[in-house]
Amino acid sequence: MPRHEQGTRTRVGSRVGTPGITWSDDRLVRACLDGNDQAWAALIEKYKNLIYSVPLKYGASQSDAADVFQSVCLKLFSELPRLRQSAALRGWLLAVTTHETFHTHKKQRRRGEQALTEFEETQLGTDPRAAPVIEEAEREQVLRDAIGGLSARCQEIVRLLFYEEPPVPYRDLARRLGLATGSIGFIRGRCLKNLQRALEKAGF
């Protein structure tokens, strides 16, 4: 599991009935189209790591990735009413983010008075060589969604054990969670089993 992501830290919309990242895309999209601002915040929170990951995987700077993120969010806001099926949202976001990454890179090269090479055009365009980047980004999103569906305690355990660098020792983890040190192994195993079931259900 990647340790650099912090997507498990915050669980948006933990109250019953409040839009959150654990809501399905269909439910979030319908709430967004009904004008629910909390649903918009939850939808962005749910997919922000996915959007950021694409330009970063292509070697973009944090600043350029932030520009891509803003562009994609604006397009999402304007185009969501025309999205025919909410199930297509993740694929749509990946396609738009890849396009925006290419567009940002192309603008930079023009400012630097350097032309894109043919290889760069295909690398950032629709060439099949781009497929591994998209596939990796999508798999990471499936993992984030599965973790987001765990209980709050399991989310925290996964974050502290697998997303912190270095991983938090069991003794410190037990102290943070108010648990007995000897119980961490059992709880960890149960959380990972729940995570495995969620990933299998998602076809991971």
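The values are calculated or read from the model by the stated rules, or taken from the named source; none is laboratory data. Fair warning: this is a prediction, and the values are worked out from it, not measured in the lab. Here the Cβ is made from the backbone with ideal geometry for all residues, glycine too, and neighbour counts use every protein chain on show.
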Quiz item: Do we find that G59 is surrounded by 17 or more Cβ atoms within 10 Å (Cβ to Cβ), without any contact (Cβ under 8 Å) to a residue 24 or more places away in the chain and either small (G, A, S) or within 26 Å of V133 (Cα to Cα) (or both) in this structure?
Solution: no
Exercise. Scan the stretch 157-175 and report the pairs whose first residue is part of a loop (DSSP other than H, G, I, E, B) and whose second residue is exposed (fewer than 13 other Cβ atoms within 10 Å of the Cβ), with Cβ atoms within less than 8 Å and a gap of 6+ or a chain change.
Key: E165/H4; V168/R176
Quiz item: Is there a residue in the stretch 25-37 that is within 29 Å of P166 (Cα to Cα), crowded, with 17+ Cβ neighbours inside 10 Å and at pLDDT 90 or above?
Solution: no
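Could you check, for the stretch 107-120, whether at least one of its residues is out of contact with any Cys (no Cβ under 7 Å at 6 or more places or on another chain), modelled with pLDDT of 65 or more and part of a helix (DSSP H, G or I)?
Restricting attention to the stretch 107-120, the residues satisfying the condition of being out of contact with any Cys (no Cβ under 7 Å at 6 or more places or on another chain) are 107-120.
Those left that are additionally modelled with pLDDT of 65 or more: 107.
Going one step further and asking which of them are part of a helix (DSSP H, G or I), we end up with 107.
Yes: the stretch 107-120 contains one or more residues that are out of contact with any Cys (no Cβ under 7 Å at 6 or more places or on another chain), modelled with pLDDT of 65 or more and part of a helix (DSSP H, G or I).
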Quiz item: So which of R153, R139 is in contact (Cβ under 8 Å) with a residue 40 or more places away in the chain, surrounded by fewer than 16 Cβ atoms within 10 Å (Cβ to Cβ) and basic (K, R)?
Solution: R139
Practice problem: Please enumerate the residues belonging to the stretch 1-24 that are at pLDDT below 85, surrounded by fewer than 16 Cβ atoms within 10 Å (Cβ to Cβ) and of a type in the set (G, A, S). | Solution: S14, G17
Quiz item: Among R153, R129, which is the only one that is modelled with pLDDT under 85, under 23 Å from the mean Cα position of the chain (by Cα) and charged (D, E, K, R)?
Solution: R129
Quiz item: Hey, does the stretch 180-201 have a residue that's modelled with pLDDT under 90, assigned to a helix (DSSP H, G or I) and surrounded by fewer than 16 Cβ atoms within 10 Å (Cβ to Cβ)?
Solution: yes
Exercise. Any chance you could count how many residues in the stretch 62-106 are under 14 Å from the mean Cα position of the chain (by Cα) and closer than 17 Å to G35 by Cα?
Key: 1
